[in-house]
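Asks: After the structure tokens below, expect a handful of questions from me.
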DNA sequence: CTCCCGATAT
DNA sequence: ATATCAGGAG
């Protein structure tokens, strides 16, 4: 699908206003290596970054490399990450990833979207976070719960699935903006354009926002 | 589509 | 009580 010039112009306005208001938006998950970011991002599913950072402070002290996660008794890992929710699934994902990394990639994290998505528990969202934030590779736009919601409200996409929303965003924003755009949209979604009670009065995008689906408008 | 799941705000 | 939080798999 070709994108209209009007759509790209609107995207440019969004981009400019976000840049002005969130000049140095960055990843809010604490990490010091690509592996730590991979683990933190798996833990971040349906959980606040604040909670993830609380858990990983101890977790990263105990598990230093891929082998440490792969060899750990599952019960130990489950206990360590319990408070982030979905802990059975997340433990299987972390250990499955680390086992596969040892088997196929000599314990290294591949810098390739296809290979990352092929790992257990890694979808496009997590893969885009790892590539963009750990390696500086613009493989796509990170579409999480915040980016999905903001894309709808701003009228950037009418699609429902994360995959289709991501394609719409990639079509409207230049590739060089994808990584920082993701961080800015997420920060804006957390602080201003919140799910339940959006602070439209304090929103820097107020003047151009169609407010699709926002109560009182739409 | 459903299921996984604890912590917090409303 | 219920919605929501940097999702992914079956």
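All of the numbers you see were taken from the coordinates with simple rules; none came from a lab. This is a predicted model, so every value here is computed, not measured. Virtual Cβ from ideal backbone geometry, glycine too; neighbours counted across all protein chains shown.
Asks: Report, in whole Å, the centroid distance computed from the Cα atoms of the stretch A:1-68 and the stretch A:79-139.
Replies: Centre-to-centre (Cα) distance: 14 Å.
Asks: Something else: How would you rank A:118-125, A:182-189, highest first, on the average number of other Cβ atoms within 10 Å across their residues? Can you show the working numbers first?
Replies: Values: A:118-125: 18.5, A:182-189: 22.9.
Sorting A:118-125, A:182-189 by mean packing, highest first, produces A:182-189, A:118-125.
Asks: Given the peptides A:36-43, A:93-100, arrange them by the average over their residues of other C-beta atoms within 10 Å, most packed first.
Replies: Details: A:36-43: 24.2, A:93-100: 20.6.
Final packing ranking: A:36-43, A:93-100.
Asks: Oh, and also: Relative contact order for chain A: what is it in percent, counting Cα pairs under 8 Å that are at least 6 residues apart? Working shown, then result.
Replies: Details: 251 pairs, mean separation 46.7, N = 218.
RCO, chain A: 21 percent.
Asks: Percentage of Cα-Cα pair distances in the stretch A:34-135 greater than 16 Å, rounded to whole percent? Don't jump to the answer; show the numbers that get you there.
Replies: On the way: 2637 of 5151 pairs.
Of all Cα-Cα distances in the stretch A:34-135, 51 percent exceed 16 Å.
Asks: How big is chain A in terms of Cα radius of gyration and Dmax, in angstroms?
Replies: 18.2, 55
Asks: So, in nm, how far is label residue A:68 from label residue A:214 when the simple model puts each one 7 Å beyond its Cα toward the Cβ?
Replies: With each label point 7 Å from Cα toward Cβ, the separation is 4.4 nm.
Asks: If R0 is 25 Å, what FRET efficiency do you get for residue A:57 and residue A:196 from their C-beta distance, rounded to 0.05?
Replies: Numbers: r = 28 Å, r/R0 = 1.14.
After rounding, the FRET efficiency stands at 0.30.
Asks: On a 0 to 90° scale, report how tilted helix A:49-62 is relative to the longest principal axis of chain A, with both axes built from alpha carbons and the result rounded to the nearest 10.
Replies: 20 degrees
Asks: Return a whole-number percent for the relative contact order of the stretch A:47-129, with Cα pairs under 8 Å and 6 or more residues apart as the contact set. Intermediate values should be presented prior to the final figure.
Replies: On the way: 64 pairs, mean separation 21.4, N = 83.
With pairs under 8 Å counted, the relative contact order is 26 percent.
Asks: Using only Cα atoms and rounding to the nearest 10 degrees, what angle (0 to 90) does helix A:178-191 make with the longest principal axis of chain A?
Replies: 80 degrees
Asks: Here's another thing I want to ask about it. For helix A:87-105, what angle does its Cα long axis make with the longest principal axis of chain A, in degrees from 0 to 90 and rounded to 10?
Replies: 70 degrees
Asks: While we're on this one: Assuming R0 = 45 Å, can you tell me the calculated FRET efficiency for the pair residue A:19 and residue A:83, based on Cβ-Cβ distance, to the nearest 0.05? All intermediate terms of the calculation are to be shown ahead of the outcome.
Replies: Values: r = 35 Å, r/R0 = 0.78.
E between residue A:19 and residue A:83, to the nearest 0.05, is 0.80.
Asks: Where does the Debye-calculated log10 I(q)/I(0) of the stretch A:1-78 sit at q = 0.14, 0.16, 0.24, 0.27 Å⁻¹, using only Cα point scatterers of equal weight, no solvent?
Replies: -0.64, -0.71, -1.11, -1.25
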